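The values are calculated or read from the model by the stated rules, or taken from the named source; none is laboratory data. Source: prediction; values computed, not measured. Note that we place each Cβ from the backbone using ideal geometry, even for glycine, and neighbour counts take in every protein chain shown.
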C-alpha cells in the first residue's frame, strides 16, 4: 500500500511581498525590453562549418570584411592586435598590397600574385598545403569565398 | 533464522515451515525504480566529476591522444573538447537526469496516494536511458563531434534511446498523477511540465538527428535548433525538477505546511512562461528578428521571479525551525541549493544583458556559471532529496552523519571555488581579448584561474565519492527501520514521516 501524505499549505492568499517582488522584477524586464527593440543580431558562429554570408555580402564588401574580422573565431584582432598592426610573432596586416612580410608566404605570393591573401586566409586549398601556418586557423572552414573576399577588400583598404 | 535444537526440522509439517521469500526476476517492490535511479545517478556523479576535473586540467596542461583502432578508419581521440563534451553529458544526462527520474518515482506516489503505474517498466526506462547514454559517451571519443553543442553531440540512435527512456517515465508519471493533478501539490505541477518538456526536447533532438543524417538539412537551422535545445533543456527539465524537489523536501523536513500556496503557484506559472522563452536568446543570427532574441534575454532576466518567490516561500516555510539549517541534513542541503539558485538566477540575468553577453560569450565565464548551476543549485537539491529519500527507500535508520557533512561541504566549497575561479577567469579573458591579446598570452594569463578551478572541482569530485560511500554504508551497515505515515503532518517526528 502506498501511503498518502499530502503537504498542506498555510495560506491561500497572495502575500504582499510576493506582489511587490514580482511587479518590481517585471518592471526591470519591461525596461530592458523597451530599450532593446531595434537592432540586428550578429552572425551565428558555427565551428568547423561554413557560415552563411551576411546580408549584403554578395561580393567583396570592405564594410562586411571589417565586421567579419571581429566576429570570426578566433577573431583576427585576437592575434594581429586590435588595430591589426601585429605583435609578437604575428605580422601587421597593414600594407598587404605590397606583398607578404612573412618568409613562408613569399613563394605563395609569387605563384598567386592576385589571390595569395585569399588563399592564405582560406587555408583549405591545395595551394597552401605544406606551408607552416604558424598557428593561424584555416578560415575556409567557417567562411564562404565571398566573405573571405570581403576581408581581403578590407585589408587592402587599410 | 534461529533453530530450536530440540525440534527436528525434518518432522515439521509444511504449514509449520516459515513462508519462503519469493523473489521475482524483475524486482517490483515499491520504490524499486526510485532506488535504481538513485544508485545509477550516484555512479554517474562520480564519473562526471572525474571528467570535469580532467576537462579543467586539460586547460592547464594541454595534451591530445589520437590512436587509430584499425576498424572502419576509426580512431580513439582524447582532447579537451571531447572530454568537455563528455563531462557536460555525464552531468546533465547521467547524474542530474537520473536523479530527476528518481525524484519522479519517489515523490509522485507519496503525493498522489497511488502506486506508481508501470513501475516495472521504469526499470526498462533505466536500462534504455543509461544504456544509450553509456554508448553515446563511448562514441564521443570515436566519431566526428556534432559541432553545435555538447548536449546535441550524440548520434541520432543514441538520442532515440534517451527519448525512449524519457517516454516511459513520462507515461508512468501521467498515468499515476493524471487524476490528481488538478488538486495536486505544486511539486506535481513542476514535475508534469518538466518531464513532458524533456520528452518533447529529446524527441525533437532525435528527429533532427535523423533528418540531418538522411536528408542533409541546412547547417544554420540545425545549429540554431541545437543552441535552443542547449538552453531549453536545463531551464525546463533540470530547473523544473529542482523546484519540484525543493518544494517537496523543505516542508517535509521542517514538518510544517508550505507558507503560501498562491506564491508557489505563481512561481510555477512564471517559470512555465519564462523558462521556454529564455531559450529564444540563443537564436543569435541575422535571420532571426532582433526582437525575438531580446524577448529571450528579457525572459532570462525574468526567471529571477520564480527563483525569488521560491526562496522567499521556502524560507517562510522554515520559519521557527531555523536550527535545522545548522545541522547536517536535508534542510542544510536545501538551504545551500536555494542560495545557489538565487545566485545563478541573478548571474544569468546579468549575463543576458546584450552588453555583458557580447563580452563574456564563449569565455570561461560560461563554464563557471555552468558549474554553479549544475553543481551548486541542482546537485545540492539532488543531495537534499537523496538524504531524505534513500533511508526511506532502503528502509534504514540513517542520515546526517559524517559522510553527509562531507557531501555538503565538499560540494558547496568545490562548486563555489571552481565556479568563481572560472567566472573570474572569463572576465579577465574578455578584457584580454578586447585588448587584442594573443592566444599564448591568453593561456598564460588564465592559467592561475584554471588551476584554482581545477582544485575547486576536485572537491566536488570528492563529494561524489562521499555520496557513493554514504549510500553503500547505509545499505550495508545501517539498522533496518520502518517509516510510517504520520497521523498529522505537523505533530509526527520528521524522521518517521514520508
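So is residue B:302 at the interface with another protein chain (Cβ under 8 Å from one of its Cβ atoms) and closer than 24 Å to residue B:420 by Cα or not?
Here the answer is yes, as residue B:302 does meet what is asked.
Considering each of B:35, B:57 in turn, give the residue that is crowded, with 18+ Cβ neighbours inside 10 Å, modelled with pLDDT under 90 and on the phi < 0 side of the Ramachandran plot.
B:57
Only one of B:143, B:116 is within 13 Å of chain A (Cβ to nearest Cβ), at pLDDT below 90 and out of contact with any strand residue (DSSP E or B) (no Cβ under 8 Å at 6 or more places or on another chain); which?
Criteria check complete, one pass: B:116.
Over 23 Å from residue A:43 (Cβ atoms), crowded, with 18+ Cβ neighbours inside 10 Å and modelled with pLDDT of 80 or more: does that describe residue A:113?
Judged against the criteria, residue A:113 is not a match.
Taking the condition at pLDDT 80 or above and assigned to a loop (DSSP other than H, G, I, E, B), does residue A:37 pass?
yes
Right, residue B:187: within 18 Å of residue B:110 (Cα to Cα), within 14 Å of chain A (Cβ to nearest Cβ), part of a helix (DSSP H, G or I) and at pLDDT below 90 or not?
no
Identify, from the list B:255, B:313, the residue that is in contact with a strand residue (DSSP E or B) (Cβ under 6 Å, 6 or more places away or on another chain) and closer than 28 Å to residue B:387 by Cα.
The unique qualifying residue is B:313.
Is there a residue being in a helix (DSSP H, G or I), free of Cβ contacts under 8 Å to residues at least 40 places away in the same chain and either within 21 Å of residue B:468 (Cα to Cα) or within 14 Å of chain A (Cβ to nearest Cβ) (or both) anywhere in region B:88-95?
no
For residue B:136, are the conditions met, namely being more than 30 Å from residue B:361 (Cβ to Cβ) and part of a helix (DSSP H, G or I)?
For residue B:136, the condition - more than 30 Å from residue B:361 (Cβ to Cβ) and part of a helix (DSSP H, G or I) - is not met.
Quick one: residue B:389 ticks every box in (1) surrounded by fewer than 24 Cβ atoms within 10 Å (Cβ to Cβ); (2) within 20 Å of the chain's Cα centre (by Cα); (3) within 14 Å of chain A (Cβ to nearest Cβ) bar one, so which box is it?
The failed condition is (1).
I'd like the full set of residues that are at pLDDT 75 or above, in a helix (DSSP H, G or I) and over 16 Å from residue A:102 (Cβ atoms), limited to region A:128-153.
Of everything in region A:128-153, those that are at pLDDT 75 or above, in a helix (DSSP H, G or I) and over 16 Å from residue A:102 (Cβ atoms) turn out to be A:139, A:140, A:145, A:146, A:147, A:148, A:149, A:150, A:151, A:152, A:153.
Out of (1) closer than 25 Å to residue B:392 by Cβ; (2) in contact (Cβ under 8 Å) with a residue 60 or more places away in the chain; (3) more than 13 Å from chain A (Cβ to nearest Cβ); (4) in a helix (DSSP H, G or I), what's the single condition that is false for residue B:335?
For residue B:335, the exception is condition (2).
Determine whether residue A:67 is farther than 25 Å from residue A:41 by Cα and part of a helix (DSSP H, G or I).
Taking the combined requirement at face value, the residue does not satisfy it.
Looking at region A:77-91, can you tell me whether even one residue there is within 14 Å of chain B (Cβ to nearest Cβ), crowded, with 19+ Cβ neighbours inside 10 Å, modelled with pLDDT of 80 or more and out of contact with any strand residue (DSSP E or B) (no Cβ under 7 Å at 6 or more places or on another chain)?
Yes, region A:77-91 contains a residue that is within 14 Å of chain B (Cβ to nearest Cβ), crowded, with 19+ Cβ neighbours inside 10 Å, modelled with pLDDT of 80 or more and out of contact with any strand residue (DSSP E or B) (no Cβ under 7 Å at 6 or more places or on another chain).
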